[in-house]
Amino acid sequence: MSAADTTTTAKVPPARPAPQPPPAAPQRPGRKRTPGGGATVPWALLAPCLLILALVLGYPLVRLVTLSFQKFGQSQLWGFKPAESVGFDNFTEVLGDSEFWAVTVRTVVFAASCVIFTMVIGMLIALLLQRVSGWVKTLINIALVASWGMPIIVATTVFKWLFDSDYGIFNALLSKLPGVDMIGHNWFASGTEGLAVITLLVVWGAVPFVVITLSAGLTQVPKELEEAARLDGAGAWGVFRYVTLPILKPIIVMLTTLSVIWDMGVFPQVFVMRGGHPEPEFQLLTTYSYDKAFVVNDYAQGSAIALLTVLLLLGVIGVYMRQMLKIGEVE
């Protein structure tokens, strides 16, 4: 008998039948799916909001751009003369004016001071709220919301009274210090001191929003990471720098950008504090544009200054978007 005769033939198991696909779910009567219908629903829901934005923001912006390239004064406003296109003459005149550059530098310094003080004070108060008891935290939050909800005109009037040269409480309190006599001191006699008071007013109104936002962000910092950092020998500054700050970075970037935009657009605080007629040393880009348009009645140059301010703020927004994209790539 050969080896081939003794070899046992292996039996191959039969192949399993392929599973049947599950039956399609029956569609409800009266509902038909249209191809591409899901993509149009979000736009349909956004359409009312986009329409309102186009009417409220779009038309004024288009009108602003149009006026900045025209010769438009009172004669054109009342219809006695047609508006003439002058190209870039308004921008050339504005950019060639030394007063415009002085106002721009003053605005940038003012906004930077407001943003720095707002962010630093807001961060300190937010960190303090994590260390106090519940009822103290509640009282501080009530005070912050009350100051945040106060109308700007009311707050400006209060600060104007606090720093009044004749009846101001601030001068009276400073005069109680040994060797200090501030009775009758006029804080608005110089632009530096007057803008310092306005900076204090702007910071006072902006700090509550920063504190509330940062306090919400601090609740997302894991306690385990802070404890691990302390076990590794990190002090309070080390924990804040290497644990808390990186987690809060997206919030800080957002708050800083919003603060820059808001503080570059400060208008009522200066306008009301100076009685509707800011002196040259108090002029910011917003009040300077207003004076050109509604005091000098040169609406074209006022529009050109406002458009340059918008372009400057768009640069700030561009930096913000770049930082947020970097943060997204790191995450």
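The values are calculated or read from the model by the stated rules, or taken from the named source; none is laboratory data. Since the structure is predicted, the reported quantities are computational estimates derived from the model, not experimental observations. With ideal geometry, Cβ positions are generated from the backbone for all residues, glycine too; neighbour counts draw on all protein chains shown. Protein only, heavy atoms only, side chains kept; ligands, DNA and RNA dropped before computing areas. Shrake-Rupley method; radii C 1.70, N 1.55, O 1.52, S 1.80 Å.
Below are the figures for this structure:
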{"quantity": "Test: residue in the range 153-176 that is open to solvent by 70 Å² or more (accessible area, probe 1.4 Å), under 22 Å from the mean Cα position of the chain (by Cα) and under 14 Å from Leu201 (Cα atoms)", "calculated": "yes"}
{"quantity": "Test: residue in the range 36-43 that is at pLDDT below 85 and part of a loop (DSSP other than H, G, I, E, B)", "calculated": "yes"}
{"quantity": "Top-ranked residue of the range 65-85 - restricted to ones that are in contact with a strand residue (DSSP E or B) (Cβ under 9 Å, 6 or more places away or on another chain) and surrounded by 14 or more Cβ atoms within 10 Å (Cβ to Cβ), ranked as farthest from Tyr290 (Cα to Cα)", "calculated": "Ala83"}
{"quantity": "Residues of the range 244-290 classified as of a type outside the set (A, V, I, L, M), surrounded by fewer than 17 Cβ atoms within 10 Å (Cβ to Cβ) and on the phi < 0 side of the Ramachandran plot, total", "calculated": "10"}
{"quantity": "Residue within the range 129-145 that is open to solvent by 40 Å² or more (accessible area, probe 1.4 Å), assigned to a helix (DSSP H, G or I), under 26 Å from Val272 (Cβ atoms) and out of contact with any strand residue (DSSP E or B) (no Cβ under 6 Å at 6 or more places or on another chain) present", "calculated": "yes"}
{"quantity": "Residue in the range 304-326 that is assigned to a helix (DSSP H, G or I), open to solvent by less than 50 Å² (accessible area, probe 1.4 Å) and within 21 Å of Leu127 (Cα to Cα) present", "calculated": "no"}
{"quantity": "Some residue of the range 230-239 being within 29 Å of the chain's Cα centre (by Cα) and at pLDDT 90 or above", "calculated": "no"}
{"quantity": "Pair list, Cβ < 6 Å and 6+ apart or interchain, from the range 232-251 residues that are of a type in the set (Val, Ile, Thr) to residues that are at pLDDT below 90", "calculated": "Val239/Glu226; Val239/Ala229; Val243/Leu225; Val243/Glu226; Val243/Ala229; Thr244/Val221; Ile247/Val221"}
{"quantity": "Helices (runs of 4 or more DSSP H) enclosed by the range 177-243 - at least 2 residues per element that are open to solvent by less than 90 Å² (accessible area, probe 1.4 Å) and closer than 21 Å to Ser147 by Cα", "calculated": "191-218"}
{"quantity": "From the options Phe117, Phe88, residue that is at negative phi, at pLDDT 95 or above and open to solvent by 30 Å² or more (accessible area, probe 1.4 Å)", "calculated": "Phe117"}
{"quantity": "Verdict on Pro82 being at pLDDT 60 or above and not in a loop (DSSP other than H, G, I, E, B)", "calculated": "no"}
{"quantity": "Hits in the range 135-149 (condition: hydrophobic (A, V, I, L, M, F, W, C) and touching a residue at least 40 places away in the same chain (Cβ under 8 Å))", "calculated": "Leu144, Val145, Trp148"}
